[in-house]
Amino acid sequence: MPTKVLNVRTPSHTTFINITREVKAFVEETEIKEGLCVVYVPHTTAAVFINEGADPDVVKDIAYKLNQLVEWDDPNYRHMEGNSAAHIKSAIIGNSRVIPIVDGKLVLGTWEAIFLAEFDGPRTRKVIVQVIGEK
Ligand code: ZN
């Protein structure tokens, strides 16, 4: 099963990085025509999601509202590492997405892009991309 590991440097504390180009390139490289592509992050303070990539203000608004909903400092957090807000945001968004492959291409809407979400950067994150299907 074709698998690729992307190493992505996240430059700031909360940031969303568009990884669509890298995922698409790998899917094309596999020459799989019909199948599924899984994009997964093995990190507890990061996430993967799909949303609008055309207007960069969309993901800025998502970050703004998530930060407002899940405040960084809360005296009732128990986790000693001090980054509970990042774990909570990771749990809400989720650590993977599955995208269909039809005619050798990822089925993404016109405005859709795949994002790695960083909630406790800067760090270097691994993104696992795995493709299953038929050539
Ligand atoms: Zn922690």
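The values are calculated or read from the model by the stated rules, or taken from the named source; none is laboratory data. Only a predicted model underlies this, so the values are computations on that prediction, with no experimental measurement involved. Because the Cβ atoms are built from the backbone with ideal geometry, glycine has one as well, and the counts that use them run over all protein chains shown. Each accessible area value is taken on the protein alone, full model and side chains, heavy atoms only, with ligands, DNA and RNA left out. Shrake-Rupley method; radii C 1.70, N 1.55, O 1.52, S 1.80 Å.
What the table shows:
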item	result
Near pairs, Cβ below 7 angstrom, 6+ apart or cross-chain, from segment 28-47 (under 10 Å from GLU118 (Cα atoms)) to any residue that is polar (S, T, N, Q) and in a loop (DSSP other than H, G, I, E, B)	THR45/ASN83; ALA47/ASN95
Selection count where residues are of a type in the set (Ser, Thr, Tyr) and open to solvent by less than 40 Å² (accessible area, probe 1.4 Å), scope segment 80-135	2
Odd one out for VAL41, checked against (1) under 29 Å from TRP72 (Cβ atoms); (2) surrounded by fewer than 16 Cβ atoms within 10 Å (Cβ to Cβ)	(2)
Residue in segment 89-109 that is within 18 Å of ASN7 (Cβ to Cβ), away from the ligand (no atom under 16 Å from the Cβ) and modelled with pLDDT of 95 or more present	yes
Filtered residue count, segment 47-68, keeping only those that are under 13 Å from LYS89 (Cβ atoms) and open to solvent by 60 Å² or more (accessible area, probe 1.4 Å)	4
Candidate set from segment 90-121 (those that are of a type in the set (S, T, N, Q) and not in a strand (DSSP E or B)); member that is farthest from the chain's Cα centre (by Cα)	THR110
